[in-house]
DNA sequence: GGTGGTATATTAGCCACGCTAACTAATTAG
DNA sequence: CTAATTAGTTAGCGTGGCTAATATACCACC
């Protein structure tokens, strides 16, 4: 397979991923969870308690951004702060029951919408998609170099 | 194939798409094009001139948001405004040469990064991904109900 | 046991880009 | 000709990116 073909595949994959997420994203905000909050919550729910710093690294945003995000989420009862008894500087973040519930509801909705679309495909088409998802995840996991294993849905940043 | 399996496929696809775009998005801002600008530009470059209103619909954002985005892009020489001679209300938007060049450069970068990853796969894995991209694009095109045919990379919105 | 350096989190203040509400101007319908 | 509709803008708000500067805690070392 020549390199030019790789680029063509890359291009189509890129486009497919954009369309897929554009479609799913509409369900994200249907229940009061902004994307930034959903992404941070997913890290805590699937990966357990984290410190502010490690959350910032996992989300690939700056420390002040995370501080402010968490202040709001704590105010709304989605996360709980807890200070470390070994190290007075670090703050541990836990998803509350409410936060966990909201995250799961949103996830359900998104995935259900996609599953609807999948219903209209043939078995072999679905099998192809399943195989592709596996290949992609292996490929991307291999080239990812960050700490967090969960799913930050990162969105843009300013560059100045 | 039972519905439960569809959900599992949906879940894996969702996750794969997120990881894919998270990886690509880093290249987006490497050249002074914010995601919102890149997305608007891609509509004009690949789809030709558009009116403010149709761009807003294609991007799925409100009219004021587009107005402000375009004001900035015009200031920076990425787009040109032109009024319609039939209808004094409408404003046509054209990508300038500079805008077109910037967009293509960014696209090259993103796709090149992905093609690198694809190099490490086997031929049959690549074929699976190519087939999956086609299936996805057909599936998503079938359920999309908007006017614009180009590629808005939409990101979150506020709901109040 | 104080002193300097490093690490963690916060505060302050900027910018981009979502939104609604309210407006102007142009067109179309009746 | 007036009323309704449509296209775009202006004003003003909220979230979530950022850097720079600061407070606190820890650590290392003399």
| task | Along Cα-to-Cβ, 7 Å out, sits the label point; list in nm, shortest first, how far the one on residue A:85 is from those in the other copies. | result | 8.1
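What FRET efficiency would be calculated for the residue pair residue B:89, residue A:11, taking the C-beta separation as r and a Förster radius of 41 Å, to the nearest 0.05?
0.65
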| Ranking B:96, B:5 by Cβ neighbours within 10 Å, fewest first, what do you get? | B:5, B:96
| remark: Rounded to one decimal in nm, the spacing of the 7 Å Cα→Cβ label points at residue B:116 and residue B:134 is 2.9 nm
| message | If I model a spin label at residue A:63 and residue B:76 as a point 7 Å from the Cα along the Cα→Cβ vector, what separation in nanometres do I get? | response | 2.9 nm
| said: Compute the orientation-averaged projected area for the stretch B:41-87 from the convex hull of its Cα atoms and round it to one decimal in nm². | reply: 3.4 nm²
| query | Could you give, in nm with one decimal, how far residue B:71 is from each other copy of that position, shortest first, with labels 7 Å out from Cα toward Cβ? | reply | 2.8
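Would you list B:85, B:137 from fewest to most Cβ contacts within 10 Å?
Going from least to most buried by this count: B:85, B:137.
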| field | Nearest beta-carbon to the A/B symmetry axis - residue in chain A, distance in Å | value | A:132, 2
| note | Quick shape check on the stretch B:97-140: root eigenvalues a ≥ b ≥ c of the Cα gyration tensor, a/c under 1.5 is rounded, otherwise prolate if a/b tops b/c, else oblate, and it reads oblate
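Each reported figure results from applying straightforward, stated rules to the coordinates on display, with no laboratory input. From a predicted model like this one, the values you see are computed outputs, not experimental measurements. Neighbour counts run over all protein chains shown; Cβ positions are idealised from the backbone, glycine included.
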